[in-house]
Amino acid sequence: SEWLIYSTWWVGDNISNLMQSVGASEKVFHLMDLSPSSQFMERGEKLQRLTGRIEFKNVSFHYPSRPTVSVVQHVNFVVHPSEVVAIVGLSGSGKSTLVNLLLRLYEPTNGQILIDDIPINGLDTMWWRERIGFVGQEPKLFRMDISSNIRYGCTRDVKQEEIEWAAKQAYAHDFISALPNGYETLVDDDLLSGGQKQRIAIARALLRDPKILILDEATSALDAESEHNVKGVLRSVKSDSATRSVIVIAHRLSTIQAADRIVVMDGGQIVEMGIHRELLLKDGLYARLTRKQADAMA
Ligand code: ATP
């Protein structure tokens, strides 16, 4: 379909990855559900200066294929420019759906999403998506060398220094340099660990210098390496002179303790919001989930 061609062409890693992150049957839903308006061939506004402020304003949503199931209900939160906001909650609580709405794969059923105070549906969708770097749960690498994998989907000419800058930011430079042919090493099936693939995908996203970075931490990779990667990139983003807003969907809660705001989802609703310490003191769902994970690790 037109959509498929478009999404493959468009930064490869982003939307196609999102589709891979759901089960095969859901993938079909995903494509069928795309309403004509969400294919966005129409033109909209391109903002001169984007600060990266994102606001969900009373957003509710149900997937077109399941009109009776409200998967997001009355969601309100703001990501201020350069903030790191984490979204946490049990599986099925609606975290990925919020990201789908932000990427404009779907339109909210009610309420709206504002980008720098402009309704998202007034923006040029191509322009908007180019401002977003998305690292999905299972990053896709190709049988090409490391540099080409990092450069993949980048529409402009990039210098080797830029690739290495992105790799450093993503904590990938050291292991890449240690490979037999460095950045020219061919990526094949068992060259890299899951965590290393994730770091390459983060470098790929950062190379595009996105104003908004979205990380969907792998559910399956609940390992220390993934935690280290996500924490590392959050530190890089904070110290970077380019200001980016970051949204992290976190499955391992210890990765996001330093987030500027933690949004706790349950059954499509925000049930708690705050910083790590406040939420622990509140002794609600976040505190329970944190304790549960700590016990599981012990
Ligand atoms: P996880 O942590 O497992 O990724 P999540 O919190 O991201 O879960 P969502 O993927 O947003 O949750 O799912 C919220 C609800 O929406 C679930 O009940 C899910 O089955 C449903 N859902 C997700 N994608 C679709 C779709 N394309 N069509 C219909 N229902 C969907």
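The values are calculated or read from the model by the stated rules, or taken from the named source; none is laboratory data. What you see is a predicted model; the values in this text were computed from it and never measured. Please note: Cβ atoms are built from the backbone with ideal geometry, for glycine as well, and neighbour counts cover all protein chains shown.
When both residues are 6+ apart or on different chains and their Cβ atoms are under 6 Å apart, which pairs have a first residue that lies in region 286-298 and is in a helix (DSSP H, G or I), and a second that is among the hydrophobic types (A, V, I, L, M, F, W, C) and surrounded by fewer than 16 Cβ atoms within 10 Å (Cβ to Cβ)?
Listed pairs, sorted by first residue: Ala287/Leu280.
Yes or no: region 184-197 includes at least one residue that is part of a helix (DSSP H, G or I), at pLDDT 85 or above and surrounded by fewer than 16 Cβ atoms within 10 Å (Cβ to Cβ).
yes
Among the residues of region 198-211, write down those that are in contact with a Gly (Cβ under 7 Å, 6 or more places away or on another chain) and outside any helix (DSSP H, G or I).
Scanning region 198-211 gives Arg208, Pro210, Lys211.
Test each condition in (1) surrounded by 22 or more Cβ atoms within 10 Å (Cβ to Cβ); (2) farther than 21 Å from Val230 by Cα for Gly136 and report the one that comes out false.
(2)
Could you tell me whether any residue of region 197-212 is acidic (Asp, Glu), away from the ligand (no atom under 16 Å from the Cβ) and over 17 Å from the mean Cα position of the chain (by Cα)?
Scanning region 197-212, I find no residue that is acidic (Asp, Glu), away from the ligand (no atom under 16 Å from the Cβ) and over 17 Å from the mean Cα position of the chain (by Cα), so the answer is no.
Can Ser70 be described as within 11 Å of the ligand (Cβ to nearest atom) and either touching a Cys at 6+ places or on another chain (Cβ under 6 Å) or at pLDDT 90 or above (or both)?
Details: within 11 Å of the ligand (Cβ to nearest atom): yes; either touching a Cys at 6+ places or on another chain (Cβ under 6 Å) or at pLDDT 90 or above (or both): yes.
In short, yes.
What about Glu272, is it farther than 19 Å from Gln198 by Cα, in a strand (DSSP E or B) and without any contact (Cβ under 8 Å) to a residue 40 or more places away in the chain?
yes
Six or more apart or on different chains, Cβ atoms under 8 Å: show the pairs whose first residue is in region 140-166 and touching a residue at least 40 places away in the same chain (Cβ under 8 Å) and whose second is among the acidic types (Asp, Glu) and in a loop (DSSP other than H, G, I, E, B).
As it stands, the answer is Lys140/Asp13; Arg143/Asp188; Tyr152/Asp13; Gly153/Asp13, since those pairs meet every condition given.
Would you mind telling me which numbered condition in (1) within 13 Å of the ligand (Cβ to nearest atom); (2) basic (Lys, Arg); (3) more than 19 Å from Phe134 (Cβ to Cβ) Lys95 fails?
Single failed check for Lys95: (3).
If the requirement is being in contact with a Gly (Cβ under 6 Å, 6 or more places away or on another chain) and not hydroxyl-bearing (Ser, Thr, Tyr), which of these qualifies: Asp124, Asp145?
Exactly one residue qualifies, and that residue is Asp124.
Does at least one position in region 136-157 carry a residue that is under 24 Å from Gly44 (Cβ atoms), within 16 Å of the ligand (Cβ to nearest atom) and either at pLDDT 90 or above or not hydroxyl-bearing (Ser, Thr, Tyr) (or both)?
No, region 136-157 contains no residue that is under 24 Å from Gly44 (Cβ atoms), within 16 Å of the ligand (Cβ to nearest atom) and either at pLDDT 90 or above or not hydroxyl-bearing (Ser, Thr, Tyr) (or both).
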